[in-house]
Amino acid sequence: MRHAGARDRGGPTARPARPAPRGAGARGHQQPALPGQRRPGRRCLGGEQRRLAVPAGTLSAVDRRYSVGIVGGGQLARMMHQAGVGLGIDVHLLAEAQGTSAAQVIANTVVGDYTEFDTLARFAQDVDVLTFDHEHVPTRHLRQLGDGVEVRPGPDALAHAQDKALMRERLTSMGIPCPQFSVCRTPEDLAAFGERMGWPVIAKTSRGGYDGKGVWKLNGPDQVGEPFAAKPETSAGEEVVIVAEEFIDFTRELSAIVVRSPSGQAVAYPISETTQTDGVCVETITPAPGLDGHAAAELQAMALRIAGELGVVGVLAVELMAEDSGRVVVNELAMRPHNTGHWSIDGALTSQFENHLRAVLDLPLGAPDLRAPHVVMTNVLGGAEPDLTGALQHVFARDRAIRVHLYGKEVRAGRKVGHVTACDNDLEAALRRARHAARYLMGDPNA
């Protein structure tokens with residue numbers, strides 16, 4: 001599905017030049033620096049600028065490629081890198097520590113603190129485009145980088161995934177269905193919201209929090225102090241408040257994933273049904289069972305509209321809650337490849353990871369169509385089996401068509417350490433295959 005949107009980088013009006021591949025040689029394209037030299041025309045931290053001449057004929061075909069810098073060393077960066085290899089993209093990584101999931105496989109890795117501006121700025125000097133494994137980079141740093149660095153998604157868009165209060169206010173002003181909410185700065189504010197809406201209510205920290213962290217279900221006024229006692233005062237230098245929301249008694253959760261480029265081209269993946277346990281995604285089914293074509297198209301159109309109006313570049317994941325009445329409301333936004341889209345590596349013509357890279361480089365986007373009628377992705381969470389590679393012997397021998405992705409992470413209880421994908425003509429068969437493989441990898445001998 002394609003959508004003609006506004007041409008922009010971070011807003012609905014202005015369109016930047018497409019980033020040039022390193023060494024492309026065309027007018028306005030930069031050539032790579034010789035060893036020990038800075039890239040021509042790149043802004044130096046101290047304000048110094050140098051232009052270096054690269055002799056004609058010194059570039060090989062391998063040098064004529066784009067470079068993408070990824071901030072964050074988790075499994076999303078690892079899978080972006082894997083997609084980039086096939087596209088000939090030179091991927092650089094800013095990892096928070098040695099040995100992270102992505103740092104294990106990306107040669108061009110810098111270890112540093114992404115919350116420090118100088119570290120971020122030095123890293124950005126050596127890439128054509130900066131993108132993200134997570135949303136925790138300080139927004140003010142991304143704005144401070146200035147016009148010399150392409151940041152995709154841009155800080156004005158990314159702020160809506162970083163700040164739940166801002167996201168709720170913006171989506172509500174657009175007429176996008178959301179739970180009723182209130183921004184609370186004191187326990188008294190939260191108690192008043194609960195009395196007005198009726199208990200229980202949901203309380204979330206406006207910034208930070210993931211996989212169920214920073215979220216509370218409050219059953220009465222005696223619990224309103226808990227979120228304020230637990231929340232940090234600031235996150236990445238920004239104030240953290242509590243966002244109170246009406247409790248949605250949903251029947252299932254859905255995910256709408258779209259990808260948008262700076263020039264406004266966009267694609268929408270099929271809607272997925274997701275299963276969460278304690279705030280952690282454990283399984284997705286694509287396409288969502290029982291969701292008719294009209295309803296699915298409406299949700300895709302809504303996600304595309306959000307991406308266009310917020311100026312998103314790259315993947316936008318819209319997490320949704322569906323009520324028994326048929327009402328569907330937005331739960332969360334993510335502006336990066338998302339766990340609910342991991343199925344696309346094996347189950348779509350173009351994965352979310354490849355399309356994210358294509359989008360941030362403003363390359364034509366790939367088709368998001370399904371490769372099979374039913375695709376089930378099940379997360380592998382750390383369990384009783386520490387030897388995942390040994391368990392692979394059984395999984396592969398039992399099901400030669402199962403796809404397994406391990407993230408190179410130390411096995412700890414409940415930690416996402418990989419996922420499996422089953423594509424099948426029959427939904428029940430796909431569910432059985434994916435669940436058996438994941439459970440066996442988690443150490444369940446009765447899987």
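Quick rundown of the values:
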{"read-out": "Within the range 395-415, tally of residues that are under 28 Å from the mean Cα position of the chain (by Cα) and hydrophobic (A, V, I, L, M, F, W, C)", "value": "6"}
{"read-out": "The range 214-235 residues that are aromatic (F, W, Y), paired with ones that are surrounded by 13 or more Cβ atoms within 10 Å (Cβ to Cβ) (beta carbon under 7 Å, 6 or more apart)", "value": "W216/A203; W216/E226; W216/P227; F228/P187; F228/I242"}
{"read-out": "Tally, over the range 131-150, of residues that are surrounded by fewer than 23 Cβ atoms within 10 Å (Cβ to Cβ) and either assigned to a strand (DSSP E or B) or of a type outside the set (D, E, K, R) (or both)", "value": "11"}
{"read-out": "Residue within the range 380-397 that is at negative phi, among the hydrophobic types (A, V, I, L, M, F, W, C), part of a loop (DSSP other than H, G, I, E, B) and out of contact with any Phe, Trp or Tyr (no Cβ under 9 Å at 6 or more places or on another chain) present", "value": "yes"}
{"read-out": "Residues located in the range 106-130, provided they are surrounded by fewer than 18 Cβ atoms within 10 Å (Cβ to Cβ) and not charged (D, E, K, R)", "value": "A107, N108, V110, V111, G112, T115, F117, T119, Q125"}
{"read-out": "Yes/no for R196 being in contact (Cβ under 8 Å) with a residue 60 or more places away in the chain, out of contact with any helix residue (DSSP H, G or I) (no Cβ under 6 Å at 6 or more places or on another chain) and part of a helix (DSSP H, G or I)", "value": "no"}
{"read-out": "Elements of type helices (runs of 4 or more DSSP H) in the range 283-371, at least 1 residues being farther than 25 Å from R65 by Cα and in contact (Cβ under 8 Å) with a residue 40 or more places away in the chain", "value": "293-310, 344-347"}
{"read-out": "Which numbered condition V240 misses (of (1) β-branched (V, I, T); (2) out of contact with any Pro (no Cβ under 7 Å at 6 or more places or on another chain); (3) surrounded by 16 or more Cβ atoms within 10 Å (Cβ to Cβ))", "value": "(2)"}
{"read-out": "Search result, residues across the range 392-427 that are at pLDDT 95 or above, in contact with a strand residue (DSSP E or B) (Cβ under 9 Å, 6 or more places away or on another chain), loosely packed, with under 15 Cβ neighbours inside 10 Å and farther than 16 Å from R371 by Cα", "value": "F396"}
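Yes/no per residue for (1) under 30 Å from L431 (Cα atoms); (2) modelled with pLDDT under 95; (3) not β-branched (V, I, T):
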position: A192; (1), (2), (3): no, no, yes
position: G198; (1), (2), (3): no, no, yes
position: Y210; (1), (2), (3): yes, yes, yes
position: P232; (1), (2), (3): no, yes, yes
position: V241; (1), (2), (3): no, no, no
position: L254; (1), (2), (3): yes, no, yes
position: V280; (1), (2), (3): yes, yes, no
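Conditions (1) in a strand (DSSP E or B); (2) assigned by TED's automatic domain parsing to the domain that holds A203; (3) surrounded by fewer than 22 Cβ atoms within 10 Å (Cβ to Cβ), marked per residue:
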site: K217; (1), (2), (3): yes, yes, yes
site: D222; (1), (2), (3): no, yes, yes
site: E226; (1), (2), (3): no, yes, yes
site: A229; (1), (2), (3): no, yes, yes
site: P232; (1), (2), (3): no, yes, yes
site: A256; (1), (2), (3): yes, no, no
site: V259; (1), (2), (3): yes, no, no
site: G264; (1), (2), (3): no, no, yes
site: V267; (1), (2), (3): yes, no, no
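The values are calculated or read from the model by the stated rules, or taken from the named source; none is laboratory data. Every value quoted in this text rests on a predicted model; they were computed, and no experiment measured them. Glycine also receives a Cβ, built like all others from the backbone with ideal geometry; neighbour counts cover every protein chain displayed.
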